[in-house]
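One structure is given below, encoded as structure tokens.
Readers should treat all values here as calculations from the given coordinates under stated rules, not as data from a laboratory. It should be emphasised that the depicted structure is a prediction, and the values quoted were computed from it without experimental measurement. All Cβ positions, even for glycine, are placed from backbone atoms using ideal geometry, and neighbour counts span all protein chains on display.
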């Protein structure tokens, strides 16, 4: 299996649909943002771990499909485009190619490595939205959001940074969607001393209308799914704990739209100037998005979607004093590993033996001794 690459499977013309009488395995890994080169934390955290399981399944003779792709919409792409003075599409094209190259060097054996900016992805996303709307799981509400008078735009998610409001954290560079230091999911208006990511001006609060997923109304369906699947699928303890923490805190309405231009358009007359929040069109790499948010959207359609059965979760691979971070440029990146001239088999082995299964692990790097 050592010669499989990121392109070897998807170049084949065979259609690998479920085969009656065989064990059919669909494997996905969290979609990497396309705003930078993937670092080693990304690689062991999702694509390499899933690759090992996919290879095991193929050796057992299972009909196996391993898919992934670049997450190309949202503020991460818009801010990167601003930094590099180009269009979001150019950013996506550039970094999608870089991701493919890195994963190919790491011998990641995808059957399909796609992109979220395709017409097919847009069609599926909008169809799910329309079904949720039809089934009354969505609502329209006014929310407060930060607005930059200098840039003349609302500041969604990563377009604003400030101090984390979580007691005991006070991280000074928390984003408007999440604090990288403590992991707390945030709303932009919760930040202390917020600043526009683009011009550094202090934004003000303005009202704006958005669509929300009514998670509290879906709680019974969701809990039935979680209680059954977490046992049958032997979810890891850290996945169960993260999911139960969300349920214990109480499910709240979740905004599914954003005041952005780069994204999947919302097919609704009242929201023609908005796009979907990226977790709705491409669930991202945070446990509750995979165990709470995404299952809720599929359950709410009432359709026969293939739901997640098993989830494998890692903690953080740390680098020196903190976490690997694409947005901060901290850590060892895929192209750095390639440039060391250390064989890829050594990198794969090192990352897998140091996989942060139940707690964070510290990256020290592989060493090769020559006789």
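Here are the numbers:
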| quantity | calculated |
| --- | --- |
| Computed helical MRE - 222 nm, the chain, DSSP H runs ≥ 4 contributing -39500 (n - 2.57), nearest 500 | -9000 deg cm²/dmol |
| Area projected by the alpha carbon convex hull of region 227-302, averaged over all directions, nm² | 6.2 nm² |
| Share antiparallel - DSSP beta bridges, the chain, percent rounded to 5 | 70 percent |
| Taking 91, 226 and counting other C-beta atoms within 10 Å, the order from fewest to most | 226, 91 |
| Chain lengthening between residue 85 and residue 357 when straightened (0.36 nm per residue, less Cα-Cα) | 94.0 nm |
| Exposure proxy ranking, count of Cβ atoms within 10 Å, fewest first, for 215, 59 | 59, 215 |
| Anisotropy class of region 156-202 from Cα gyration tensor, a/c 1.5 cut | prolate |
| Residue exposure sequence - 33, 56 - by fewest surrounding Cβ within 10 Å | 56, 33 |
| Within a Gaussian network of the chain (alpha carbon springs, distance under 10 Å), most fluctuating of 205, 240, 67 | 205 |
| Prolate/oblate/rounded call for region 51-126, Cα gyration tensor, a/c under 1.5 rounded | oblate |
| Gyration tensor (alpha-carbon) shape descriptor, region 178-263, a/c threshold 1.5 | prolate |
| Correct choice for P(r) over Cα pairs in 10 Å bins from 0, in percent that was computed from the model, options (i) 5, 19, 24, 20, 15, 9, 5, 2, 1, 0, 0; (ii) 5, 22, 34, 28, 10, 2, 0, 0; (iii) 4, 17, 21, 18, 15, 11, 7, 4, 2, 1, 0, 0 | (ii) |
